[in-house]
Amino acid sequence: MLRLTGTDPASGRTLRVTVHSGRISAIEPLPVATDAILSAGLIDLQLNGYGGHDVNATGSTADTVADLARALWVRGVTTFCPTLITAPPAAILAGLRTIRAARDADPLLAHAIPSVHVEGPHLSTADGARGAHDPAWIRPADTAEYDSWQRASDGLVGIVTVAPESPGALNYLRHVAASGAVPAIGHSAATPEQVRDAVDAGARLSTHLGNGVPQQLPRHPNLLWEQLADDRLTAGLIADGHHLPAATLRSMARAKGFGRTVLVSDAVALAGAAPGEYHTPVGGAVTLHPDGRLTLAGSDLLAGAARALPECVGYAAGPGGYGLAEALRSATARPAALLGLPDRGVLRVGAIADLAVFTDPTLATAAATVVGGKLVYVNGSAPFDVDPADDARDR
């Protein structure tokens, strides 16, 4: 039996959560104050890599995926969707098979990785809209290719980002939705009408809204206003302080409504690295600045995101205007609901015990992390205790 203690930002109370047999068995209020923050484990729907581990890299293995998961557990991220981007068909299939093999080898990884996000390859080829995706491998939407992904991964693809203007996109979106995966709109120069058609065809998520669009847009109408206005779409937002200025993040969240947003990191393998000059497979020469901004070398153009989801939650809670409780919901319960996982992302008796304790409200440092009822990370000062008769540690 495992117990963790911390302040619940939603209620402001100190809670002690008891874990037994992989689930939350009790939640008790305590008459004490603590600076530690207790939360459901964070859920990242869009993550290419972290801590030097890159699921898109040539030569990525099942160990790469396992090491990535463990690096994220240290930060309090208990569930994530490894994100494969535009690449040759064989490379996407190889990535899917690698992630499947990692899950097959470890039940805890299978729990932590409920699905894969494929971002592309059916995207806009226009500069700005395509972002860092290689135009050589952007191609028309193809349901046969999607089906090949699902066969290779044993049905693991759970989110697919598509540009609505891609040839064949509407039929593709219907096909993805019918399969049970989440169709998403992103890396697009679509007209408002094309956005509406995509949502009618089943699109449910806006991938990193405000990014992956042309540099210049009509004041109105345009594809950003259309996505903000449509209540059928959940907005994915990168709250790293660089992809969306604070005022833009606040305005988008208020326009969409906090309840229709999810926070994502869209992190790359350099996230967590020291500032410096690097060379990456996507983007080439890049600079990681001391403030966490990752740019093409000699340029101010972004080359990816280099902050983990807890830092994004902290930024959204402060400059982003969410407040901590709302920011946490947009990184726990809301992404869980989008993935169809109602028994995680919440502090509730009977829910799966995916939990994180952070040392302070900035969420910069995790004190303890529990995945599927297993204590997978703890530092020396974490407020927890384990009944030796029921060892909950991950072995």
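Coordinate-derived values only; no laboratory data. As the structure is a computational prediction, the values presented were derived from the model and not from experiment. Using ideal geometry, Cβ is built from the backbone for each residue, glycine included, and neighbour counts are taken over all protein chains shown.
Here are the numbers for the structure shown:
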| read-out | value |
| --- | --- |
| Shape category assigned to the chain from the gyration tensor of Cα positions, a/c cut at 1.5 | prolate |
| Sequence-distant residues sharing a close amide H with GLN46 (under 5 Å, placed H) | CYS81, SER265, ASP266 |
| Over the chain: helical MRE at 222 nm, DSSP H runs n ≥ 4 each giving -39500 (n - 2.57), nearest 500 | -7500 deg cm²/dmol |
| Folded to 0 to 90 degrees: helix 169-179 orientation relative to the chain principal axis, Cα | 30 degrees |
| With Cα atoms, 0 to 90° folded angle of helix 143-153 axis to the chain main axis | 30 degrees |
| Amide H within-cut-off set for ALA235, under 5 Å, with H built and near neighbours excluded | SER206, THR261, VAL262 |
| In order through the stretch 265-282: 3J(HN,Hα) via Karplus (6.51 cos²θ - 1.76 cosθ + 1.60), integer Hz, x for Gly, Pro | 8, 6, 6, 10, 4, 6, 4, x, 7, 6, x, x, 9, 9, 10, 10, x, 10 |
| ³J(HN,Hα), Karplus 6.51/-1.76/1.60, whole Hz, each residue of the stretch 40-57, x for Gly, Pro | 4, x, 6, 10, 10, 7, 8, 8, 8, x, 5, x, x, 9, 10, 6, 9, 6 |
| Degrees between helix 89-105 axis and first principal axis of the chain (Cα, 0 to 90, nearest 10) | 10 degrees |
| Only Lys, Arg (+1) and Asp, Glu (-1) charged, at Cβ; the chain dipole about Cα centre in debye | 600 debye |
